[in-house]
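The values are calculated or read from the model by the stated rules, or taken from the named source; none is laboratory data. No experiment lies behind these values; they were computed from the predicted model shown. Here the Cβ positions follow ideal geometry from the backbone for every residue, glycine too, while neighbour counts run over all protein chains shown. For accessibility, only protein heavy atoms count, side chains too; no ligands or nucleic acids. Shrake-Rupley method; radii C 1.70, N 1.55, O 1.52, S 1.80 Å.
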Amino acid sequence: MRKKVVAANWKMYKTPAQAREFFRDFLPLVSGHTRDEVVVCPPFVDLAAAVDATQGSGVAIGGQDLYWKAEGAFTGETSAAMLLAVGCTHVIIGHSERRQCFAETDDTVNLKLKCALEAGLIPIVCVGEVLEEREAGLTEEVLRRQCLRAFHALSGKKAGTLIVAYEPVWAIGTGKTATPELAAEAHALIRSEAAKSLGQDLADNLRILYGGSVKPENAATLMAEPEIDGALVGGASLDPKSFAAIVKY
Ligand code: 13P
C-alpha cells in the first residue's frame with residue numbers, strides 16, 4: 001500500500017509573515033492527522049519562516065526548484081545544499097510553469113533530479129501535457145518522453161524516494177480537473193515508464209500525485225482512484241481551511 005502524499009505548491013504567493021500566519025491557522029486544523037504525508041513548498045524567501053513555524057508538526061517543507069551545481073556564479077539560483085541547510089526535505093522539479101515561462105527542459109529536469117537524489121532531497125518531478133498536445137492525441141508520447149528523459153541514467157536504487165506529479169497543464173489554475181479515470185490512465189502510463197527506466201520494484205512503490213485544480217470538493221473522488229497516490233495543490237493550498245480539508249479529504 002503506497003502512502004498518500006498531499007503537497008502544496010504556493011508558487012509566487014505569500015511573504016514570510018503571511019507564511020507564518022498560514023501555519024498558525026493551518027496546523028491546528030490538521031493536528032493529529034495520520035493518513036497523509038503533508039508537504040508545503042513556499043517561495044524561497046519564506047522557507048526559513050515555514051520550517052520554523054512547522055517544527056514538530058509533521059508537516060514537511062520543500063523548495064519549488066533547485067539548481068544542479070554545488071555553488072558558483074549562478075545569479076538567482078539555489079543549490080540543494082542551501083535547501084537542506086534551511087531545513088527543506090523535498091523539492092519540486094520541472095513544474096510546467098518552469099518549463100513554459102523559464103525554459104526548463106527535459107534535460108535540465110534530469111540534471112536537477114539527479115542532484116536532488118544525490119543530496120538526499122525528496123524530488124517531486126512534474127510531468128504533463130498541454131491542451132494542444134492532448135487534443136492532437138499526443139499525451140502518451142509527451143508523457144513517455146518527459147519520463148524517459150527525466151529518468152535518464154538513473155537507477156532504481158538511487159531513485160527510491162522519487163515522487164512524480166502528473167499535472168495536465170490544461171487543468172492547472174483553470175478549474176478544469178482531469179476525471180479520475182483520465183488521471184488514472186496517465187498515472188498507469190507514467191508507472192510503466194518508471195518500470196522500464198527504474199525497475200518494477202521502484203515503479204510499484206512510486207507515488208504519483210495528481211495536480212490541476214484539486215479542491216476540497218474533488219479531492220476525495222480523485223484520491224479514491226487507486227492509481228492516484230496524492231495531490232499537488234496550487235490555488236487551494238493558499239487558504240488554511242481549504243488545504244486542511246484536502247489533507248483530511
Ligand atoms: P492549481 O491547483 O492552482 O490548479 O495548480 C496546480 C499546480 O500547478 C500545482 O503545482
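Restricting attention to the stretch 192-215, the residues being of a type outside the set (Phe, Trp, Tyr), over 17 Å from Ser155 (Cβ atoms) and under 18 Å from the mean Cα position of the chain (by Cα) number 8.
When Leu206 is tested against (1) crowded, with 18+ Cβ neighbours inside 10 Å; (2) within 14 Å of the ligand (Cβ to nearest atom); (3) of a type outside the set (Asp, Glu), just one condition goes unmet, and that condition is (2). Of all the criteria given as (1) within 16 Å of the ligand (Cβ to nearest atom); (2) under 24 Å from Glu104 (Cα atoms); (3) in contact with a helix residue (DSSP H, G or I) (Cβ under 8 Å, 6 or more places away or on another chain); (4) of a type in the set (Lys, Arg), the one not satisfied by Lys215 is (2).
Selection of first residues in the stretch 19-41 that are part of a helix (DSSP H, G or I) and of second residues that are buried (at least 16 other Cβ atoms within 10 Å of the Cβ) and among the acidic types (Asp, Glu), restricted to Cβ pairs under 6 Å at least 6 apart or on distinct chains, gives the following pairs, ordered by first then second residue: Ala19/Asp46.
Which one of these is in contact with a Leu (Cβ under 9 Å, 6 or more places away or on another chain) and either away from the ligand (no atom under 12 Å from the Cβ) or among the β-branched types (Val, Ile, Thr) (or both): Ser192, Ser197? Can you show your working first?
Details: Ser192 fails: in contact with a Leu (Cβ under 9 Å, 6 or more places away or on another chain).
Criteria check complete, one pass: Ser197.
I need a count of the residues in the stretch 168-184 that are open to solvent by less than 10 Å² (accessible area, probe 1.4 Å) and in contact with a helix residue (DSSP H, G or I) (Cβ under 8 Å, 6 or more places away or on another chain). Total meeting the criteria: 3. For the stretch 158-183, the set of residues classified as within 8 Å of the ligand (Cβ to nearest atom) and under 19 Å from Arg2 (Cβ atoms) consists of Ala165, Glu167, listed by residue number.
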